[in-house]
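Take a look at the structure set out below.
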């Protein structure tokens with residue numbers, strides 16, 4: 001890989017969620033690239049490996065990227081993985097973080113599914129590790145932007161019919177909120193729909209480049 005120069009655009013490490021692979025982020029990645037970011041997709045075993053192992057692999061992946069600045073974006077469990085990797089010392093504190101529909105404060109739908117053996121198998125080791133000790137606040141030296149969905153369509157509604165509203169069909173808006181985040185927005189998209197939403201991609205790119213979801217922010 002060629003050495004980074006000051007004229008190169010900032011990089012963003014993009015991390016997928018549960019039960020999918022890097023392919024799930026393809027549409028979002030293209031839009032982030034069109035927004036002026038160099039995209040690096042990280043893939044991991046979301047069910048088989050535990051949270052610590054996956055976070056360590058993410059940190060090693062990011063450390064190999066040569067760029068003037070490295071940002072982070074995670075969907076659902078991908079955001080949790082980023083949280084853990086940064087908490088364990090990944091990154092240099094200069095990048096920004098966007099999380100899309102990540103259950104930072106836990107997940108009622110996942111808790112319900114975890115009551116059954118087959119459910120625990122489906123959820124996998126990484127998410128179960130997180131559910132045992134979810135976050136209470138964001139104190140890391142990275143600006144965090146959180147995107148929640150209010151589309152209300154998804155498998156989570158079937159597993160947990162009483163899932164608090166508003167929700168994205170899998171994660172409630174309140175489960176994504178965390179003190180210490182710089183910005184928070186709720187958009188009318190479903191949990192999976194975030195990955196194909198032009199609005200989500202545009203707002204995420206704005207935050208990563210400029211530190212705000214609003215268009216026209218000052219890049220720095």
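The values are calculated or read from the model by the stated rules, or taken from the named source; none is laboratory data. What you see is a predicted model; the values in this text were computed from it and never measured. All Cβ positions, even for glycine, are placed from backbone atoms using ideal geometry, and neighbour counts span all protein chains on display.
Do any strands (runs of 3 or more DSSP E) entirely within the stretch 24-125 hold 3 or more residues that are over 12 Å from the mean Cα position of the chain (by Cα), and if so, which?
In the stretch 24-125, 38-42 are the strands (runs of 3 or more DSSP E) which contain 3 or more residues that are over 12 Å from the mean Cα position of the chain (by Cα).
Could you please tell me which pairs satisfy a Cβ distance under 7 Å, a separation of 6+ or placement on different chains, a first residue in the stretch 194-220 that is modelled with pLDDT under 95, and a second residue that is part of a helix (DSSP H, G or I) and surrounded by fewer than 17 Cβ atoms within 10 Å (Cβ to Cβ)?
Close Cβ pairs (under 7 Å, with a partner that is part of a helix (DSSP H, G or I) and surrounded by fewer than 17 Cβ atoms within 10 Å (Cβ to Cβ)) amount to 217/210; 218/210; 219/210.
For the stretch 64-83, which residues satisfy the criterion of being under 16 Å from residue 14 (Cβ atoms) and out of contact with any strand residue (DSSP E or B) (no Cβ under 6 Å at 6 or more places or on another chain)? I'd like the intermediate steps shown before the answer.
Filtering the stretch 64-83 for residues under 16 Å from residue 14 (Cβ atoms) gives 64-65, 67, 69-83.
64, 69, 76, 77, 80, 83 - these are the residues of the stretch 64-83 that are under 16 Å from residue 14 (Cβ atoms) and out of contact with any strand residue (DSSP E or B) (no Cβ under 6 Å at 6 or more places or on another chain).
Taking residue 71 and the conditions (1) within 24 Å of residue 201 (Cβ to Cβ); (2) free of Cβ contacts under 8 Å to residues at least 60 places away in the same chain; (3) touching a helix residue (DSSP H, G or I) at 6+ places or on another chain (Cβ under 7 Å), which numbered condition does it fall short on, given that it satisfies the others?
(2)
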